[in-house]
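Take a look at the structure set out below.
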Amino acid sequence: MTMRLYLYDDPADAPRFLPFSDSRPIGELRYGAWTLRERVERAGFQIAGHVGAAHLAGFTEPDAPPVVPATTADGARLYLRSSFAFDVEQDFATGFASSGSGPFRLTDGAGATVGALLPAGTSWPGPAGIDASRPSVALRGKLLRGVWEVVGDLVPTLHSDLALVLSSHLPTQVPAGSTVMGDAAGLIVEDGVQVEPHVVFDLRNGPIWIHSGAQISTFSRLAGPLVVGPGTRIVGGQIRESSLGPKCVVHGEVSNTIFLGYANKSHDGFVGHSIVGRWANLGAGTITSNLKNTYGPVRLTLGGTKHETGLTFLGSLVGDHVKTAIGTMLPTGCAIGTGANVFGGRRPEPVVPPFAWGTDEPADVLSCQRFVEIAERVMPRRDITVDEAMRSYLKAVWRAATGRDGCD
């Protein structure tokens with residue numbers, strides 16, 4: 001495809017995708033086996049950029065497109081709402097090619113606007129400016145109501161995604177010394193994966209896809225549906241029904257959880273029905289509660305608004321760059337803001353503000369300079385350079401999330 005496609009963050013979505021929308025475009029959240037952006041790319045598009053909040057202008061991650069201004073362009077281009085979970089099996093190109101050069105709307109199955117095609121020379125009108133009277137092309141997928149649906153949809157989405165991957169993948173040889181429970185045809189181990197002896201692959205409830213460069217240590221038990229991202233290390237424990245992004249270290253009991261990537265959970269402790277942001281570090285014995293004592297639906301507070309998720313199981317939303325102390329116990333439906341450091345004598349509340357410095361004094365905030373200093377120590381450990389552009393981006397995230405000035 002030569003037509004440029006941009007993913008846009010609708011301002012109405014940002015509060016419902018906290019804490020992650022403070023530090024990344026919504027399209028860079030994992031949904032099933034891929035990020036929301038990668039789901040669109042599988043249709044043959046190269047994403048030209050994210051259109052998002054001004055403070056995200058310096059966003060950069062390996063293989064991710066930049067955040068760009070929405071300017072008038074010479075050629076026709078497509079805009080797609082980043083909170084629309086694209087059905088990776090559809091033929092996106094055929095749907096709009098028959099509709100001419102536009103302009104027209106993109107809609108979901110219920111008729112809600114999820115994007116637009118704009119002809120050359122026209123300006124992006126913003127989400128509210130998309131003309132509802134234009135001809136429309138319906139896309140298959142789901143418009144997400146909020147970040148909690150990323151957790152709630154995880155297992156069925158993994159099943160459908162991995163079935164698609166298996167349909168085009170050659171059979172995998174079972175690693176020597178490991179044990180397979182179920183049909184070995186559901187195991188995908190890419191080239192360059194290291195699997196030590198005495199690893200168990202449980203395929204009875206779904207497939208397992210292990211990307212190149214991953215390492216699986218002795219006495220790890222992996223149960224599908226499961227994705228282990230490139231360069232991620234599983235260093236023991238029980239990992240099931242989860243989607244682990246690149247270059248993570250994971251240990252202990254993990255269930256129904258998304259790791260966005262570059263995160264550490266190197267020790268024991270249960271993490272369930274949760275999302276763990278990039279560069280997060282969960283101290284030894286960090287435990288999430290994912291079920292209320294009443295077995296009732298979990299309410300989630302994001303940006304000061306309470307949401308009825310309808311989910312019986314919902315653990316923690318751990319923002320990017322969050323750190324937890326050893327023995328941290330997180331309540332059901334806990335949202336931890338970007339850059340927060342969770343430690344102290346008091347148990348964390350269901351909402352931990354961004355860049356909180358401990359739990360004993362809720363008003364204490366990690367300084368911007370200190371946040372950047374910590375990032376400069378942490379990120380090179382995963383081969384990410386913290387240059388002046390990265391420093392500027394981190395400072396902009398701190399200012400936007402805390403509502404404070406400074407950190408020049």
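The values are calculated or read from the model by the stated rules, or taken from the named source; none is laboratory data. Quantities reported herein were computed from a predicted structural model and do not represent experimental measurements. All Cβ positions, glycine included, derive from the backbone under ideal geometry; neighbour counts span all protein chains shown. Keep in mind that these areas ignore ligands, DNA and RNA; they rest on the heavy atoms of the full protein, side chains included. Shrake-Rupley method; radii C 1.70, N 1.55, O 1.52, S 1.80 Å.
Observations, loosely collected:
- Residue selected from segment 294-308 under the condition without any contact (Cβ under 8 Å) to a residue 24 or more places away in the chain and in a strand (DSSP E or B), by the criterion least open to solvent (accessible area, probe 1.4 Å): E308
- Taking the numbered list (1) open to solvent by 10 Å² or more (accessible area, probe 1.4 Å); (2) part of a loop (DSSP other than H, G, I, E, B) in turn, H251 passes all entries but (2).
- Verdict on G152 being modelled with pLDDT of 95 or more, touching a helix residue (DSSP H, G or I) at 6+ places or on another chain (Cβ under 8 Å) and within 30 Å of T312 (Cα to Cα): no
- Search result, residues across segment 180-219 that are of a type in the set (A, V, I, L, M), open to solvent by 50 Å² or more (accessible area, probe 1.4 Å) and within 25 Å of the chain's Cα centre (by Cα): none
- Among the candidates T359, T385, the residue that is assigned to a loop (DSSP other than H, G, I, E, B), among the hydroxyl-bearing types (S, T, Y) and within 23 Å of the chain's Cα centre (by Cα) is uniquely T385.
- Failed criterion for L7 (all others in (1) assigned to a loop (DSSP other than H, G, I, E, B); (2) surrounded by 19 or more Cβ atoms within 10 Å (Cβ to Cβ); (3) not small (G, A, S) hold): (1)
- Any chance L166 is open to solvent by less than 10 Å² (accessible area, probe 1.4 Å) and either on the phi < 0 side of the Ramachandran plot or of a type outside the set (F, W, Y) (or both): no
- Those residues of segment 115-150 which are open to solvent by 10 Å² or more (accessible area, probe 1.4 Å), under 17 Å from D13 (Cβ atoms) and among the β-branched types (V, I, T), in sequence order: I130
- Taken as a whole, the condition of being more than 24 Å from K306 (Cβ to Cβ) and assigned to a helix (DSSP H, G or I) applies to R377.
- Number of the exception - D63 against (1) acidic (D, E); (2) assigned to a loop (DSSP other than H, G, I, E, B); (3) buried (at least 19 other Cβ atoms within 10 Å of the Cβ): (3)
- Scope segment 309-348; condition open to solvent by 60 Å² or more (accessible area, probe 1.4 Å), more than 19 Å from T402 (Cβ to Cβ) and more than 21 Å from the chain's Cα centre (by Cα); matching residues: I326, M329, G345, R346, R347
- Residues located in segment 349-366, provided they are open to solvent by 30 Å² or more (accessible area, probe 1.4 Å) and touching an Asp or Glu at 6+ places or on another chain (Cβ under 9 Å): P354, W357, P362
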